[in-house]
2 protein chains.
Amino acid sequence: MSYLHKIKIVHRSGTALPRTNSLNSIFKPSSVAVVGASANPEKTGHIILKNIIEGGFRGSVYPINPGAHEILGLQAYQSLLDVPGDVDLVVIVVPAKVVPDIMKQAGEKKAGGAIIISGGFRETGNDDLEQEVINIAKSFGIRVIGPNCQGVNYTDSNLCASWPLITAKGRMAVISQSGTVAAAIGEWAEADGIGVSSCVSLGNKADVNELDLINYFSRDPSTGIISLYVEGTGDGRRFMEVCRDAIERKPIVVLRPGKSSKGRKAAESHTKSIAGSYMVFHAACRQVGVTSAKTIEDLYDFSKILMYTKNRRLLKERTDPYRVAVLTSSGGSGIIAVDCAEEIGVEIPDLSKEAVARLREVLPSHCITRNPLDLTGDTPAERYETAVLELSSSAQADAFLLIFGDPIPRASEVVGRLRRDLALRGSDTEIVVCYIGGGTVGQEEVLHMHQQGIPVFSTPERAMRAIGALAGKL
Amino acid sequence: MSYLHKIKIVHRSGTALPRTNSLNSIFKPSSVAVVGASANPEKTGHIILKNIIEGGFRGSVYPINPGAHEILGLQAYQSLLDVPGDVDLVVIVVPAKVVPDIMKQAGEKKAGGAIIISGGFRETGNDDLEQEVINIAKSFGIRVIGPNCQGVNYTDSNLCASWPLITAKGRMAVISQSGTVAAAIGEWAEADGIGVSSCVSLGNKADVNELDLINYFSRDPSTGIISLYVEGTGDGRRFMEVCRDAIERKPIVVLRPGKSSKGRKAAESHTKSIAGSYMVFHAACRQVGVTSAKTIEDLYDFSKILMYTKNRRLLKERTDPYRVAVLTSSGGSGIIAVDCAEEIGVEIPDLSKEAVARLREVLPSHCITRNPLDLTGDTPAERYETAVLELSSSAQADAFLLIFGDPIPRASEVVGRLRRDLALRGSDTEIVVCYIGGGTVGQEEVLHMHQQGIPVFSTPERAMRAIGALAGKL
């Protein structure tokens with residue numbers, strides 16, 4: 001039975017869910033123009049054009065710069081209006097005051113989407129200029145990301161109209177009011193072999209906001225999880241409504257700072273909006289089933305585990321015990337994991353006498369047969385398999401945390417096989433991995449596990465916090 | 001005035017500080033024999049020999065294996081006794097029951113040190129065998145690391161008698177009851193361009209324990225900070241005494257799990273010793289000036305910041321305010337840092353009216369002149385310099401946290417210059433950096449900053465926690 005059976009969806013009259021079809025011009029454009037493209041490698045207008053090209057975007061790409069004939073090997077045009085044929089998406093990197101004219105030209109070229117990188121709008125007091133641009137865009141039916149943002153990356157289209165260049169395809173959609181947070185998570189996901197479906201920097205949210213994007217990505221076949229960083233969310237009721245709907249299809253993790261009074265004031269400065277109460281926001285998230293992250297690492301880790309697992313207990317009774325069996329080659333890491341579990345409220349159940357007896361039969365005598373189960377530093381990967389299959393048959397846990405605390409070869413192969421075996425036995429026990437201290441062997445094994453959809457974390461504490469999120473304890 | 005002026009060193013009669021000279025055979029041997037060296041690449045006896053060779057150890061290396069003539073290009077010997085001349089350090093990777101004989105041979109070869117990797121001693125109930133080995137070693141004056149450990153790496157000697165292979169030279173000495181924790185920190189330090197002076201895996205601590213090593217490294221010119229992971233410390237009074245003495249010369253950071261009841265039990269299983277009270281231990285650390293880490297990431301981060309800075313306030317009044325000015329290109333990261341500061345008890349002071357007025361004169365108008373100071377995403381590195389010099393002249397902070405939340409070139413060059421300028425002005429304000437979301441530019445800049453001794457952290461939360469440790473708040 002789905003964990004969602006208790007959710008009651010309420011669509012109040014007059015509050016239709018946001019339209020999303022038109023966002024396809026932003027994420028899946030047939031052609032892109034970069035207005036303000038530059039030959040100077042330090043300019044944003046250069047970096048974005050370069051990333052669109054090097055990212056492998058397959059549609060037409062038009063650099064627009066009145067003073068250039070060619071940029072990065074592409075023919076440049078003096079103005080948008082000089083481009084032959086229509087332009088689907090317009091990326092704007094020119095000074096704010098010029099943007100209204102550019103938006104009119106975009107309308108003439110029948111653009112469906114615009115990404116305004118340029119700053120100098122509401123965030124600096126130029127509210128009227130921002131409104132003018134949006135009015136023009138609306139009159140032409142153009143959806144706008146930004147202004148004052150770090151752009152959009154959508155890997156399924158090979159479209160990196162942003163920076164840094166991230167090309168690893170994955171199922172995590174990152175929506176962020178901070179371009180830096182989006183970039184950081186995208187970089188981690190790339191280095192980890194996980195990849196992203198999208199990174200969107202919201203900027204001033206003059207048109208498209210997090211609600212439009214949550215809605216869009218909840219229906220996007222390339223996306224498996226929505227990771228959100230926001231500082232203020234305007235209408236809280238509307239936020240909950242959209243999340244209630246979207247979370248039927250995809251898990252949502254949110255990082256929303258502003259707990260401290262100084263943090264809240266800084267958030268209000270940054271976004272020029274009322275940040276509202278941190279506590280009320282997070283209580284609302286909990287009620288709807290949105291997972292709250294406390295740090296940027298949490299946001300990434302929680303997204304990873306929820307993307308790769310199916311049995312999260314977001315809406316069940318939070319007091320339900322969640323039992324984890326820890327298997328480790330590193331005694332120390334096992335102790336650290338157990339300490340962290342108690343702090344979070346995840347249970348580390350004692351093993352039954354029968355389970356211990358059976359483990360003693362199948363494991364070498366120097367293994368310490370308790371929970372955490374210390375397989376010791378000489379363990380081959382196969383010893384984890386033996387122990388998990390034994391424990392699994394006596395239903396000792398809701399999740400197995402396997403800590404590989406040494407350069408153990410074949411770990412990914414064995415864990416992949418183990419997961420298939422558990423599935424064949426009808427077990428829905430989760431497998432979560434921490435791989436730490438494994439040198440180059442470890443780095444490769446982590447990539448292989450991620451390719452198989454097994455979530456891996458770099459320390460026992462991060463692994464256990466992620467399990468806490470999965471269990472609905474955080 | 002040194003922060004240490006309040007420490008009163010008490011040397012009680014009969015408790016001489018541990019002797020350390022003889023540890024030179026372990027860390028600075030003239031020759032090394034690997035007993036149990038193997039040609040099989042999956043065997044520990046192969047990996048350790050390979051790491052000693054590839055690490056560039058310049059003394060003689062003797063593989064010992066009765067069945068081999070040559071291993072990894074080196075002449076192999078049937079027994080230790082066949083090696084021509086003396087052997088300074090003996091690394092032992094053979095089954096436990098053979099170890100007493102090997103130790104006798106080591107004695108005959110006038111070895112000064114032995115590292116026993118092999119398990120099968122006290123941790124599996126074979127207390128007598130362990131005692132026998134140690135008695136033999138003592139009778140010959142051989143100091144022993146282990147047994148049941150992951151070996152020793154001492155980079156100044158190019159000696160990696162351990163795994164994984166870590167060669168980056170640095171000033172962090174890692175002493176760990178968990179080989180995995182030592183390996184993980186060594187790997188992070190290498191990837192970060194920081195390096196280590198040493199990584200020592202304690203194992204069963206049958207002879208050399210953390211106290212001997214704290215004492216040794218506190219006098220080791222290659223070491224600038226001591227990072228310790230322990231699960232139990234035997235005589236707590238003695239631990240405090242040694243730390244009191246050592247901390248006069250070097251800062252010490254300790255991670256000691258066992259806060260939870262399950263964690264304590266697991267620790268006692270792992271180390272076969274009484275873990276003792278977590279709270280008492282950490283209170284004692286605080287009293288002596290040892291910095292407590294809560295996670296493995298803390299242990300690394302706190303060691304990094306204490307290694308690179310001079311003005312830590314470990315023994316001052318913990319209630320003294322510690323004021324941080326945050327300068328950021330990423331508004332979101334600034335908010336996150338401020339939230340974290342309040343949680344830790346670090347102050348983010350409001351800027352004086354005069355300071356704000358002067359900043360407004362020297363910064364572009366779209367910068368948000370408060371604390372956190374948002375220099376915005378278009379900032380060049382030089383804008384940080386301008387702002388810090390301005391704030392520094394009005395003594396607004398004890399530390400500057402510079403968050404580079406974009407791929408900002410020349411950041412390392414500018415921060416290095418800035419630090420020199422502050423020193424010339426007689427300012428002892430610390431500079432701490434967070435570099436996040438900066439792509440390949442960021443990765444290079446981080447390495448350059450570390451080369452200059454500027455501590456860099458990968459998220460605002462980790463940077464602020466490290467500052468909390470520096471300020472004595474954690």
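The values are calculated or read from the model by the stated rules, or taken from the named source; none is laboratory data. On a predicted model such as this, the values are computed, not experimentally measured, just so you know. Note that we place each Cβ from the backbone using ideal geometry, even for glycine, and neighbour counts take in every protein chain shown. Heavy atoms of the whole protein, side chains included, go into the accessibility calculation; ligands, DNA and RNA do not. Shrake-Rupley method; radii C 1.70, N 1.55, O 1.52, S 1.80 Å.
You will find that of A:GLY67, A:GLY56, the residue that is on the phi > 0 side of the Ramachandran plot, open to solvent by 20 Å² or more (accessible area, probe 1.4 Å) and out of contact with any strand residue (DSSP E or B) (no Cβ under 8 Å at 6 or more places or on another chain) is A:GLY56 and no other.
Does region B:135-153 contain any residue that is under 25 Å from A:CYS434 (Cα atoms), buried (at least 24 other Cβ atoms within 10 Å of the Cβ) and either free of Cβ contacts under 8 Å to residues at least 40 places away in the same chain or hydroxyl-bearing (Ser, Thr, Tyr) (or both)? Let's see the steps before the verdict.
Step one: of region B:135-153, the residues under 25 Å from A:CYS434 (Cα atoms) are B:148-153.
Restricting the remaining residues to those that are buried (at least 24 other Cβ atoms within 10 Å of the Cβ) gives B:148-153.
Filter again for either free of Cβ contacts under 8 Å to residues at least 40 places away in the same chain or hydroxyl-bearing (Ser, Thr, Tyr) (or both), leaving none.
Among the residues of region B:135-153, not one is under 25 Å from A:CYS434 (Cα atoms), buried (at least 24 other Cβ atoms within 10 Å of the Cβ) and either free of Cβ contacts under 8 Å to residues at least 40 places away in the same chain or hydroxyl-bearing (Ser, Thr, Tyr) (or both), which makes the answer no.
Give the residues of region B:366-398 that are among the hydrophobic types (A, V, I, L, M, F, W, C) and either part of a strand (DSSP E or B) or within 11 Å of chain A (Cβ to nearest Cβ) (or both), sorted by residue number.
In the first step, residues of region B:366-398 are kept if they are among the hydrophobic types (A, V, I, L, M, F, W, C); the result is B:367-368, B:373, B:375, B:381, B:387-389, B:391, B:395, B:397.
The answer is B:CYS367, B:ILE368, B:LEU373.
Can you work out which of the residues in region A:242-268 that are open to solvent by 20 Å² or more (accessible area, probe 1.4 Å) and not basic (Lys, Arg) is modelled with the highest pLDDT? So, considering only residues that are open to solvent by 20 Å² or more (accessible area, probe 1.4 Å) and not basic (Lys, Arg), the one modelled with the highest pLDDT is A:GLU248.
Quick one: count up the residues across region B:138-166 that are among the small types (Gly, Ala, Ser) and over 28 Å from B:ILE185 (Cβ atoms). Give the steps one after another, and end with the answer.
At the first step, the residues of region B:138-166 found to be among the small types (Gly, Ala, Ser) are B:139, B:141, B:146, B:151, B:157, B:161-162.
Filter again for over 28 Å from B:ILE185 (Cβ atoms), leaving B:139, B:141.
Counting residues in region B:138-166 that are among the small types (Gly, Ala, Ser) and over 28 Å from B:ILE185 (Cβ atoms) gives 2.
Among the residues making up region A:420-431, those that are touching a Leu at 6+ places or on another chain (Cβ under 9 Å) and open to solvent by 20 Å² or more (accessible area, probe 1.4 Å) are A:ASP421, A:ARG425, A:ASP428, A:THR429.
Taking the condition open to solvent by 10 Å² or more (accessible area, probe 1.4 Å), within 14 Å of chain A (Cβ to nearest Cβ) and within 13 Å of the chain's Cα centre (by Cα), does B:TRP163 pass? No. Those helices (runs of 4 or more DSSP H) of region A:236-309 in which 1 or more residues are of a type in the set (Lys, Arg), at the interface with chain B (Cβ under 10 Å from one of its Cβ atoms) and farther than 30 Å from B:LEU327 by Cβ are absent. For region B:425-453, the candidate set comprises residues that are more than 20 Å from B:ALA466 (Cα to Cα) and away from every other protein chain (no Cβ under 14 Å); within that set, the residue that is nearest to the chain's Cα centre (by Cα) is B:SER427.
Exactly one residue among B:THR429, B:THR376 is on the phi > 0 side of the Ramachandran plot and among the polar types (S, T, N, Q), and that residue is B:THR376. Here A:SER458 meets the list (1) away from chain B (no Cβ under 14 Å); (2) under 22 Å from A:ILE194 (Cβ atoms); (3) open to solvent by 40 Å² or more (accessible area, probe 1.4 Å) almost entirely, failing just condition (1). Residue under question is B:SER227, and the condition is that it be in a strand (DSSP E or B), more than 14 Å from every other protein chain (Cβ to nearest Cβ), surrounded by 23 or more Cβ atoms within 10 Å (Cβ to Cβ) and modelled with pLDDT of 95 or more; does it hold? When the stated conditions are applied, B:SER227 does not pass them.
Looking at B:VAL388, is it under 28 Å from the mean Cα position of the chain (by Cα) and either of a type in the set (A, V, I, L, M) or crowded, with 16+ Cβ neighbours inside 10 Å (or both)? When the stated conditions are applied, B:VAL388 does not pass them. Just wondering, is there one or more residues in region B:105-116 that are open to solvent by 80 Å² or more (accessible area, probe 1.4 Å) and more than 19 Å from B:LYS205 (Cβ to Cβ)? Yes, region B:105-116 contains a residue that is open to solvent by 80 Å² or more (accessible area, probe 1.4 Å) and more than 19 Å from B:LYS205 (Cβ to Cβ).
Is at least one residue of region B:352-370 in contact with a Pro (Cβ under 9 Å, 6 or more places away or on another chain) and open to solvent by 20 Å² or more (accessible area, probe 1.4 Å)?
At the first step, the residues of region B:352-370 found to be in contact with a Pro (Cβ under 9 Å, 6 or more places away or on another chain) are none.
So far as region B:352-370 goes, no, none of its residues is in contact with a Pro (Cβ under 9 Å, 6 or more places away or on another chain) and open to solvent by 20 Å² or more (accessible area, probe 1.4 Å).
Selection within region A:400-418: residues that are among the small types (Gly, Ala, Ser) and crowded, with 24+ Cβ neighbours inside 10 Å. The member of this set that is farthest from A:ASP378 (Cα to Cα) is A:SER412.
Only residues that are of a type in the set (A, V, I, L, M) and open to solvent by less than 20 Å² (accessible area, probe 1.4 Å): list them for region B:166-184, please. Once the filter is applied, which keeps residues that are of a type in the set (A, V, I, L, M) and open to solvent by less than 20 Å² (accessible area, probe 1.4 Å), region B:166-184 yields B:ILE166, B:MET172, B:ALA173, B:VAL174, B:ILE175, B:VAL181, B:ALA182, B:ALA183, B:ALA184.
Residue under question is A:GLU461, and the condition is that it be in contact with a Cys (Cβ under 6 Å, 6 or more places away or on another chain) and in a helix (DSSP H, G or I); does it hold? Yes; evaluated as a whole, the condition is true for this residue. For region A:432-455, a tally of residues being among the hydrophobic types (A, V, I, L, M, F, W, C) and open to solvent by 10 Å² or more (accessible area, probe 1.4 Å) returns 3. In region A:275-309, of all residues being hydroxyl-bearing (Ser, Thr, Tyr) and open to solvent by 20 Å² or more (accessible area, probe 1.4 Å), the one that is modelled with the highest pLDDT corresponds to A:THR295.
Any residue at all in region B:92-99 that is within 14 Å of another protein chain (Cβ to nearest Cβ), over 29 Å from the mean Cα position of the chain (by Cα), part of a loop (DSSP other than H, G, I, E, B) and aliphatic (A, V, I, L, M)?
To start, the set of residues in region B:92-99 that are within 14 Å of another protein chain (Cβ to nearest Cβ) comprises B:93-97.
Now restrict to residues that are over 29 Å from the mean Cα position of the chain (by Cα): B:94-97.
From what's left, part of a loop (DSSP other than H, G, I, E, B): B:94-95.
From what's left, aliphatic (A, V, I, L, M): B:94.
Looking through region B:92-99, at least one residue is within 14 Å of another protein chain (Cβ to nearest Cβ), over 29 Å from the mean Cα position of the chain (by Cα), part of a loop (DSSP other than H, G, I, E, B) and aliphatic (A, V, I, L, M).
Here B:ALA189 fulfils each of the conditions (1) under 29 Å from B:GLY120 (Cα atoms); (2) out of contact with any Ser or Thr (no Cβ under 8 Å at 6 or more places or on another chain) apart from (1).
Restricting B:LEU359, B:LEU351, B:LEU401, B:LEU327 to residues that are under 21 Å from A:LYS294 (Cα atoms) and either more than 12 Å from chain A (Cβ to nearest Cβ) or at pLDDT below 95 (or both) narrows the list to B:LEU401. Exactly one residue out of B:VAL93, B:VAL99, B:VAL61 is at pLDDT 95 or above, open to solvent by less than 10 Å² (accessible area, probe 1.4 Å) and either closer than 22 Å to A:ILE408 by Cβ or in contact with a strand residue (DSSP E or B) (Cβ under 7 Å, 6 or more places away or on another chain) (or both): that is B:VAL99.
Mind listing whichever residues of region A:117-134 are among the polar types (S, T, N, Q), surrounded by fewer than 24 Cβ atoms within 10 Å (Cβ to Cβ) and within 13 Å of chain B (Cβ to nearest Cβ)? Write out each step before concluding.
So in region A:117-134, the residues among the polar types (S, T, N, Q) come out as A:118, A:124, A:126, A:131.
Next cut, surrounded by fewer than 24 Cβ atoms within 10 Å (Cβ to Cβ) only: A:124, A:126, A:131.
Within region A:117-134, A:THR124, A:ASN126 qualify.
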